[in-house]
Structures are given as structure tokens and as C-alpha cells.
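The values are calculated or read from the model by the stated rules, or taken from the named source; none is laboratory data. Since the model is a prediction, treat every value here as computed from it, not as a measurement. Cβ coordinates were reconstructed from backbone atoms using ideal geometry, including for glycine residues, and neighbour counts include every protein chain displayed. Quick note on the areas: whole protein, heavy atoms, side chains included, nothing else; ligands and nucleic acids left out. Shrake-Rupley method; radii C 1.70, N 1.55, O 1.52, S 1.80 Å.
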Amino acid sequence: MRLPVISPDEMSPRQREVADRIAGRRGAVRGPFRVWLQSPELCDRVESLGAFLRFDSSLPLRLRELSLLIAARHFDAQYSWNAHFEKAVQEGIPYEAVRAIAERTEPSFDRPEDAVFHRFCVELLENHFVSAGTFAAARTYFGDQGLVDTVGSLGNFSMLAMCLNAFEVDLQADREPPFPDIRGYARVEA
């Protein structure tokens, strides 16, 4: 990691308060939260937003996990990918679809709404806009609140990915690199 990890005895009272709350809710302070604690007010707000989007959003859990994987792959964030791909599969995203996303090939989904969700997310991330047809299809499946939560998820998980990559948050040593074109924090020829 490019920044030092703040030890508990080095934390300000505000950092300790935020760290204790994160550990209580998430089991430990790890990954990006070790970076965000450098700015405890930002960390507090990011954690609250992330907790809502991961645990309480109007989207089904499988789509919350899928949105995280889509953003993780868009930004090549291996830490996020490794932390969530098994959960996405457990929640009903086909393993082959997950692998296709990792390999940057077109995934195939069992549910038509999952394919629409994927298309909506990819259009927004890659084109910065969503076509009228994709928007209408996504709105039919997810409603207005679902679309707002989808955009919130993509924004939050994109920020997460950028944090992980910019600060080179430790890659899990026991995990295989998930993307054929990325090793460590560099692009390689696939």
C-alpha cells in the first residue's frame, strides 16, 4: 500500500471512532478503509454510502454484487473483484458470465433483467450515457428507484476501485489474478 496504515495508537479520536464503527459493522477495518481513515470525515461518509448500497439498496443482492464487479472490471480493481466475485455467483450470477466480464467478453445471463442491468451499467461506464432503449428496458425491470440506486452503486464502486488502484491497496496474496491483462498494478499483454 502506498500510504502507511494508521495503527490504533496513532489514530486521532475521530479516526478511532470511525474505525470502531467500521469494525463493528464489517468485522474489521481492511482494504480501502485503511486508506480512507487518513481523512476520517470522508471515510465516515463513504462507509455510510457503501453500507447502504451493499446492504440496503432497492436492488436485489445479486445485482448489487454484479454492479460492484462491473465497476471493478471497468477500473481493473482486483481487490474488489476478488472480494466479491464468489458472492455474485452465490447470489445467482452465472459463473460463466462473471468469467466473461473478467475477460472483457460479452456475458450471457440466465435472467433477461440481469442482461439489461449489465447493458445499462456498461453503457453508462463506457459511453457516459445510456441509450433510450436500454434506459426504457432497465426502467421497466427496476423502476425509478432501482435506476437511481444503480447509478449510485456504479458511482460508489467506481470511487472504491479508484481508491484501491491509486493507493495500491494490498492484493490478496492467496488469490489468483482475476484479469488476463492486469498484473499487480500494471497492464500487460494478454
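Excluding ligands and nucleic acids, what accessible area in Å² is computed for PHE33 using a 1.4 Å probe, to the nearest 10?
Counting only protein heavy atoms, PHE33 exposes about 20 Å² to solvent.
Students sometimes get this wrong: rank THR105, THR150, THR140 by accessible area, probe 1.4 Å, all chains present, largest first.
Largest accessible area first, the residues go THR140, THR105, THR150.
Percent of accessible area on the chain owned by carbon and sulfur, 1.4 Å probe?
54
I'd like to know which of PRO40, LEU125, VAL89 lies farthest towards the positive end of the charge dipole of the chain, counting +1 on Cβ of Lys and Arg and -1 on Cβ of Asp and Glu.
Positive-most Cα among the choices belongs to PRO40.
Taking the Cα centre of region 89-190 as the origin, how large is its charge dipole in debye, to the nearest 20, when only Lys and Arg (+1) and Asp and Glu (-1) carry charge on their Cβ atoms?
180
Assuming 0.36 nm per residue, please report the length gained on full extension of the stretch ALA136 to ASP56 beyond their Cα-Cα distance. Present the calculation step by step, with values, prior to reporting the outcome.
Working: separation 80, 0.36 × 80 = 28.80 nm, distance 2.42 nm.
26.4 nm is the gain from fully extending ALA136 to ASP56.
Through the Karplus equation 6.51 cos²θ - 1.76 cosθ + 1.60, θ set to phi - 60°, convert the phi angles of region 136-143 into ³J(HN,Hα) values in whole Hz; use x for Gly and Pro.
4, 5, 5, 5, 4, 6, 10, x
Using a probe radius of 1.4 Å on heavy atoms only, what accessible surface per residue do you get for the chain? Whole Å² is fine.
50
Calculate the dipole size of the chain relative to its Cα centre from +1 charges on Lys and Arg beta carbons and -1 charges on Asp and Glu beta carbons; express the result in debye to the nearest 20.
On the way: 22 positive and 28 negative charges, 52 e Å.
Taking the Cα centre of the chain as origin, the dipole is about 240 debye.
Search the structure for amide H atoms under 5 Å from the amide H of ILE182, placed 1.01 Å from N in the peptide plane, and list their residues when 5 or more places away or on another chain.
VAL188
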